[in-house]
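Asks: My structure is below; once you've seen it, I'll send some questions.
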Amino acid sequence: MITVKSLIKRNTVLFFKDKGMFFTSLITPLILLVLYTTFLGNVYEDSFKSVIEAAGLTIDEKLLAGCVGGQLLSSLLAVSCITVAFCSNLLSVQDKVSGARKDIVVAPVKGWKLSVGYYVATLISTVIICYVALFAGLIYLSVTGWFLTLSDVLLLILDVFLLSLFGTALSSVVNFFLSTQGQISAVGSIVSSCYGFICGAYMPISTFSQGLQRVLSFFPGTYATALLRYHTLRSAFEKAGEALPKELIDGLKDSVDYNVYFFEKQVSVSVMYAILIGTVVLLMSVYILMNKGKKTA
Amino acid sequence: MILIEHLSKYYGKVKAVDDISFKVKKGELFAFLGVNGAGKSTTIGVISASHKKDTGKVFVGGIDIDANTEAIKRDIGVVFQNSVLDKALSVKANLENRAALYGIGGAAFKKRLNELIALLDFADILNRPVGKLSGGQRRRIDIARALIHSPKLLILDEPTTGLDPQTRTMLWEVIERLRKETDMTVLLTTHYMEEAANADNVVIIDGGKIIAEGTPLELKNKYTGDFISLYNVSESEVELLGKPYEKIADGYKICVKDTNEATNLIIGYPQIFRDYEIIKGRMDDVFLSVTGKRLGENK
């Protein structure tokens, strides 16, 4: 136990002490914040307003701010949980590059302890950063427009944890195959720059072409984002539903990926959870099998 | 301490280690020499159970590596050529993390840490991040890290490369003291031939095969001749000896087959041998003689 605890502590501390890795993991969320403050916030706001005003109706400014803020928070969390996990988990590859792994395996450390050390440390780093982001987001919403219930907040905490588990499991499987500094840079850059698009954080998936929407409906990340969006926007949409017609609200829900579809069939929240948990279990099983099949001691 | 029988290791079609056998006695300083890519690191990897072998048997401390890898790993400490310490962490954190890999923590760790501080004299840098240490200080901590679990066998993979002479001397003093006090076995690879000359036994490996082995004296006697440095003589006097020679500062260096031949020359030409010294061939000469290469070269 002392070995696993020590490995977890080492890996977690190294991630937070490596400023390069730490800030790289925050690039995507920072891009999102910059996009939001420069123009995305206005785009979201205008799209909400235009739909509502086209129907000859109006919306309370605070409720509008709550909807836009909820969309931003869900997007931010959706990307952070993945990019932070990937960057944190790159330590496992850096250890291969630096020779630290060679040194560790000279000691009588079982392979599973080493893997658990990286996995749990990545999860801890990811959860800490994403919970801080969630906390900051909730403060922001409380200032601009708070409509969340206690259950929304609790479920958001659960969503972030599950998404962090997903990010950790996915990065563990991908990083398993990496062994050079070039590969670390390539994967870090690809994940940081692309994940925001394919999970619908930068722009809702509903704005993409039909074909691309179909492809993305096979990605578990799509449902992870939708879960977060559901819990950040549910209460705000309920409140809006008191003043606006159901058809209009449904249209808004579709436009911001609150509702997601798999071949025209709407995916329920329980199915989204099942997909996310199932994917985590599958990826963790693959990771365990890959470690068992490793050739070197 | 180590018994290796017909060890082979392949990387694809490349034979990194090709049917080598040797043994290292307990408490011995054993030098393993070879150019880069000769198979030294692979052999060390197999002995320390971090690489799997293809064929052959390896015993460390009488334990078959195939039967109980974990027990063998507990008895081995390795100092790698390049420092593998976590630069962002303090010296103490690095040692604490390393100790935990062997299940050492709490009071046992503190006791061992104090022993190592006394041995390697690093109390003043204990809380400093490793990234801010000098090369010599870092090497001391590398060694402390390898010794944290009190191994019976210490493997040193070119431990003094790039170190200043003072630090190199300090490291060898520590290693010698450890060998005397704890009867620890040391397996060394090095580029410095004077370090290999102090070994109890030497193996020279080339292309994955052992091409020479023995004590430094045996190797010198077998693979190099002796040299006589003659001073205060004229070249015509040296020519009288009928042996190959070269001019050196203040005199001439004459190559002879062995000490016997040198003795015969001295007896035969006492008038020439007024001021002289007889020097055995160096380990550099042994290495050059058996491999056709100098250490540090790849060709």
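The values are calculated or read from the model by the stated rules, or taken from the named source; none is laboratory data. The structure presented is a predicted model; accordingly, all values stated were derived computationally and were not measured. As a convention, Cβ positions derive from the backbone with ideal geometry for all residues, glycine included, and neighbour counts pool all protein chains shown. Surface areas here come from the heavy atoms of the whole protein model, side chains and all, with no ligands, DNA or RNA. Shrake-Rupley method; radii C 1.70, N 1.55, O 1.52, S 1.80 Å.
Asks: Mind listing whichever residues of region B:208-220 are open to solvent by 10 Å² or more (accessible area, probe 1.4 Å) and either touching an Asp or Glu at 6+ places or on another chain (Cβ under 7 Å) or of a type in the set (Val, Ile, Thr) (or both)?
Replies: Result: B:209, B:210, B:211, B:215.
Asks: Here are the criteria: (1) in contact (Cβ under 8 Å) with a residue 24 or more places away in the chain; (2) more than 11 Å from chain A (Cβ to nearest Cβ); (3) open to solvent by 30 Å² or more (accessible area, probe 1.4 Å); (4) of a type in the set (Lys, Arg). Tell me which single one residue B:111 does not satisfy.
Replies: Going through (1) in contact (Cβ under 8 Å) with a residue 24 or more places away in the chain; (2) more than 11 Å from chain A (Cβ to nearest Cβ); (3) open to solvent by 30 Å² or more (accessible area, probe 1.4 Å); (4) of a type in the set (Lys, Arg) one by one, residue B:111 breaks only (1).
Asks: Looking at region A:181-216 only, could you name the residues that are over 21 Å from residue A:27 (Cβ atoms), hydroxyl-bearing (Ser, Thr, Tyr) and not in a helix (DSSP H, G or I)?
Replies: Here is the first cut: in region A:181-216, the residues over 21 Å from residue A:27 (Cβ atoms) are A:204-216.
After this cut, where a residue has to be hydroxyl-bearing (Ser, Thr, Tyr) as well, the list is A:206-207, A:209.
Scanning region A:181-216 gives a single hit, A:209.
Asks: Additional query: How many of the residues in region B:81-101 are at pLDDT below 90 and either surrounded by 20 or more Cβ atoms within 10 Å (Cβ to Cβ) or more than 7 Å from chain A (Cβ to nearest Cβ) (or both)? Talk me through it step by step, then tell me what you get.
Replies: Here is the first cut: in region B:81-101, the residues at pLDDT below 90 are B:81-84.
Narrowing the set further to residues that are either surrounded by 20 or more Cβ atoms within 10 Å (Cβ to Cβ) or more than 7 Å from chain A (Cβ to nearest Cβ) (or both) leaves B:81, B:83-84.
So the count comes out to 3.
Asks: Right, another one. Can you name the residue in region A:5-25 that is surrounded by 18 or more Cβ atoms within 10 Å (Cβ to Cβ) and of a type in the set (A, V, I, L, M) and, of all such residues, is nearest to the other protein chains (Cβ to nearest Cβ)?
Replies: A:14
Asks: Check whether at least one residue in region A:53-65 is open to solvent by less than 10 Å² (accessible area, probe 1.4 Å) and among the small types (Gly, Ala, Ser), and report yes or no.
Replies: Filtering region A:53-65 for residues open to solvent by less than 10 Å² (accessible area, probe 1.4 Å) gives A:64.
With among the small types (Gly, Ala, Ser) added as a condition, the list becomes none.
Checking region A:53-65: not a single residue is open to solvent by less than 10 Å² (accessible area, probe 1.4 Å) and among the small types (Gly, Ala, Ser).
Asks: Looking only at region B:59-70, which residues are within 8 Å of another protein chain (Cβ to nearest Cβ) and surrounded by fewer than 16 Cβ atoms within 10 Å (Cβ to Cβ)?
Replies: Of region B:59-70, the ones within 8 Å of another protein chain (Cβ to nearest Cβ) are B:69-70.
Hit for region B:59-70 is B:70, nothing else.
Asks: So, residue A:244, is that one away from chain B (no Cβ under 14 Å), open to solvent by 10 Å² or more (accessible area, probe 1.4 Å), among the aliphatic types (A, V, I, L, M) and assigned to a loop (DSSP other than H, G, I, E, B) or not? Explain how you work it out, then say what you get.
Replies: Values: away from chain B (no Cβ under 14 Å): yes; open to solvent by 10 Å² or more (accessible area, probe 1.4 Å): yes; among the aliphatic types (A, V, I, L, M): yes; assigned to a loop (DSSP other than H, G, I, E, B): yes.
When the stated conditions are applied, residue A:244 passes them.
Asks: Taking residue A:154 as the residue in question, decide whether it is under 24 Å from residue A:278 (Cβ atoms), open to solvent by 60 Å² or more (accessible area, probe 1.4 Å) and without any contact (Cβ under 8 Å) to a residue 40 or more places away in the chain. Spell out the reasoning first.
Replies: Details: under 24 Å from residue A:278 (Cβ atoms): yes; open to solvent by 60 Å² or more (accessible area, probe 1.4 Å): yes; without any contact (Cβ under 8 Å) to a residue 40 or more places away in the chain: yes.
In short, yes.
Asks: Tell me, yes or no, whether region A:77-84 has at least one residue that is small (Gly, Ala, Ser) and away from chain B (no Cβ under 14 Å). Before the answer, list the steps.
Replies: Kept after step one, since they are small (Gly, Ala, Ser), are these residues of region A:77-84: A:78, A:80.
With away from chain B (no Cβ under 14 Å) added as a condition, the list becomes A:78, A:80.
Scanning region A:77-84, I find at least one residue that is small (Gly, Ala, Ser) and away from chain B (no Cβ under 14 Å), so the answer is yes.
Asks: How many residues does region B:240-268 contain that are open to solvent by 70 Å² or more (accessible area, probe 1.4 Å), in contact with a helix residue (DSSP H, G or I) (Cβ under 9 Å, 6 or more places away or on another chain) and farther than 12 Å from residue B:227 by Cβ? Steps first, please.
Replies: First pass over region B:240-268, keeping only residues open to solvent by 70 Å² or more (accessible area, probe 1.4 Å): B:240, B:244-247, B:249-250, B:257, B:260, B:264, B:267.
If we keep only those that are in contact with a helix residue (DSSP H, G or I) (Cβ under 9 Å, 6 or more places away or on another chain) too, we end up with B:245, B:247.
Next, from what is left, pick out any that are farther than 12 Å from residue B:227 by Cβ: B:247.
Number satisfying all stated conditions: 1.
Asks: While we're looking at this one, here's another question. Suppose the filter is in a helix (DSSP H, G or I) and at pLDDT 90 or above; does residue A:289 pass it?
Replies: Details: in a helix (DSSP H, G or I): yes; at pLDDT 90 or above: no.
Against the criterion (in a helix (DSSP H, G or I) and at pLDDT 90 or above), residue A:289 does not qualify.
Asks: Let me ask something additional. Give me the pairs, please: first residue somewhere in region B:244-267 and closer than 17 Å to residue B:223 by Cβ, second residue anywhere and among the basic types (Lys, Arg) and modelled with pLDDT under 90, beta-carbon distance under 7 Å, and either six or more positions apart or on two chains.
Replies: B:255/B:243; B:256/B:243
Asks: Additional query: Looking at region A:258-277, which of its residues are of a type in the set (A, V, I, L, M, F, W, C) and either under 16 Å from the mean Cα position of the chain (by Cα) or assigned to a strand (DSSP E or B) (or both)? I'd like the intermediate steps shown before the answer.
Replies: Residues of region A:258-277 of a type in the set (A, V, I, L, M, F, W, C): A:260, A:262-263, A:267, A:269, A:271-272, A:274-277.
Within region A:258-277, A:262, A:272, A:275, A:276, A:277 qualify.
Asks: Note down all Cβ pairs under 6 Å where the first residue falls in region A:29-44 and is among the basic types (Lys, Arg), the second is open to solvent by 10 Å² or more (accessible area, probe 1.4 Å) and in a helix (DSSP H, G or I), and they're at least six residues apart or on different chains.
Replies: No pair meets every condition.
Asks: Please go through region A:37-52 and pick out each residue that is in contact with a Ser or Thr (Cβ under 8 Å, 6 or more places away or on another chain) and either open to solvent by 30 Å² or more (accessible area, probe 1.4 Å) or closer than 17 Å to residue A:207 by Cα (or both). Give the steps one after another, and end with the answer.
Replies: Step one: list which residues in region A:37-52 are in contact with a Ser or Thr (Cβ under 8 Å, 6 or more places away or on another chain), which gives A:47, A:51-52.
Those that are in contact with a Ser or Thr (Cβ under 8 Å, 6 or more places away or on another chain) and either open to solvent by 30 Å² or more (accessible area, probe 1.4 Å) or closer than 17 Å to residue A:207 by Cα (or both): A:47, A:51.
Asks: Answer with yes or no whether residue B:170 is at pLDDT below 90, surrounded by fewer than 24 Cβ atoms within 10 Å (Cβ to Cβ), over 23 Å from residue B:130 (Cβ atoms) and not acidic (Asp, Glu). Spell out how you get there, then give the answer.
Replies: Working: at pLDDT below 90: yes; surrounded by fewer than 24 Cβ atoms within 10 Å (Cβ to Cβ): yes; over 23 Å from residue B:130 (Cβ atoms): no; not acidic (Asp, Glu): yes.
Taking the combined requirement at face value, the residue does not satisfy it.
Asks: Run down A:171, A:235 and say which single residue is touching a Ser or Thr at 6+ places or on another chain (Cβ under 6 Å) and in a helix (DSSP H, G or I). Steps first, please.
Replies: Working: A:171 fails: touching a Ser or Thr at 6+ places or on another chain (Cβ under 6 Å).
Being touching a Ser or Thr at 6+ places or on another chain (Cβ under 6 Å) and in a helix (DSSP H, G or I) holds for just one of A:171, A:235, which is A:235.
Asks: Right, here's the next one. Are any residues in region B:197-250 small (Gly, Ala, Ser) and assigned to a helix (DSSP H, G or I), and if so, which ones? Write out each step before concluding.
Replies: Let us first name the residues in region B:197-250 that are small (Gly, Ala, Ser), namely B:197, B:199, B:207-208, B:212, B:214, B:225, B:229, B:234, B:236, B:242, B:249.
Answer for region B:197-250, where residues must be small (Gly, Ala, Ser) and assigned to a helix (DSSP H, G or I): B:197, B:236.
Asks: Then there is this: Take region A:93-107 and flag every residue that is open to solvent by less than 10 Å² (accessible area, probe 1.4 Å) and touching a helix residue (DSSP H, G or I) at 6+ places or on another chain (Cβ under 6 Å).
Replies: Across region A:93-107, the qualifying residues are A:93, A:95, A:107.
Asks: To continue, here is another question. Answer with yes or no whether residue A:85 is closer than 16 Å to residue A:4 by Cβ, part of a helix (DSSP H, G or I), in contact with a Ser or Thr (Cβ under 9 Å, 6 or more places away or on another chain) and open to solvent by less than 10 Å² (accessible area, probe 1.4 Å). If you could, list the steps in order and put the result at the bottom.
Replies: On the way: closer than 16 Å to residue A:4 by Cβ: no; part of a helix (DSSP H, G or I): yes; in contact with a Ser or Thr (Cβ under 9 Å, 6 or more places away or on another chain): yes; open to solvent by less than 10 Å² (accessible area, probe 1.4 Å): yes.
For residue A:85, the condition - closer than 16 Å to residue A:4 by Cβ, part of a helix (DSSP H, G or I), in contact with a Ser or Thr (Cβ under 9 Å, 6 or more places away or on another chain) and open to solvent by less than 10 Å² (accessible area, probe 1.4 Å) - is not met.
Asks: Looking at A:167, A:188, A:200, can you tell me which residue is closer than 21 Å to residue A:77 by Cβ and modelled with pLDDT under 85? Working first, answer last.
Replies: Numbers: A:167 fails: modelled with pLDDT under 85; A:200 fails: modelled with pLDDT under 85.
The conditions single out A:188.
Asks: Here's something else I'd like to know. Can you confirm whether residue A:68 is within 14 Å of chain B (Cβ to nearest Cβ) and farther than 29 Å from residue A:280 by Cβ? Steps first, answer last, please.
Replies: Values: within 14 Å of chain B (Cβ to nearest Cβ): no; farther than 29 Å from residue A:280 by Cβ: yes.
No, not satisfied.
Asks: Return the pair list, or none, for Cβ contacts closer than 6 Å from residues in region B:46-66 that are over 18 Å from residue B:77 (Cα atoms) to residues that are of a type in the set (D, E, K, R), at least 6 apart or on different chains.
Replies: Once the first residue is over 18 Å from residue B:77 (Cα atoms) and sits in region B:46-66, its partners that are of a type in the set (D, E, K, R) give B:53/B:9; B:54/B:9; B:56/B:5; B:57/B:5.
Asks: While we're looking at this one, here's another question. Does residue A:37 count as part of a loop (DSSP other than H, G, I, E, B), away from every other protein chain (no Cβ under 14 Å), modelled with pLDDT under 90 and more than 30 Å from residue A:180 (Cβ to Cβ)? Please lay out each step first, then the result.
Replies: Details: part of a loop (DSSP other than H, G, I, E, B): no; away from every other protein chain (no Cβ under 14 Å): yes; modelled with pLDDT under 90: yes; more than 30 Å from residue A:180 (Cβ to Cβ): yes.
No: the conditions fail for residue A:37.
Asks: Look through B:37, B:56 and report the one residue that is open to solvent by 20 Å² or more (accessible area, probe 1.4 Å), more than 11 Å from chain A (Cβ to nearest Cβ) and in a loop (DSSP other than H, G, I, E, B). If you could, list the steps in order and put the result at the bottom.
Replies: On the way: B:56 fails: in a loop (DSSP other than H, G, I, E, B).
Among B:37, B:56, only B:37 is open to solvent by 20 Å² or more (accessible area, probe 1.4 Å), more than 11 Å from chain A (Cβ to nearest Cβ) and in a loop (DSSP other than H, G, I, E, B).
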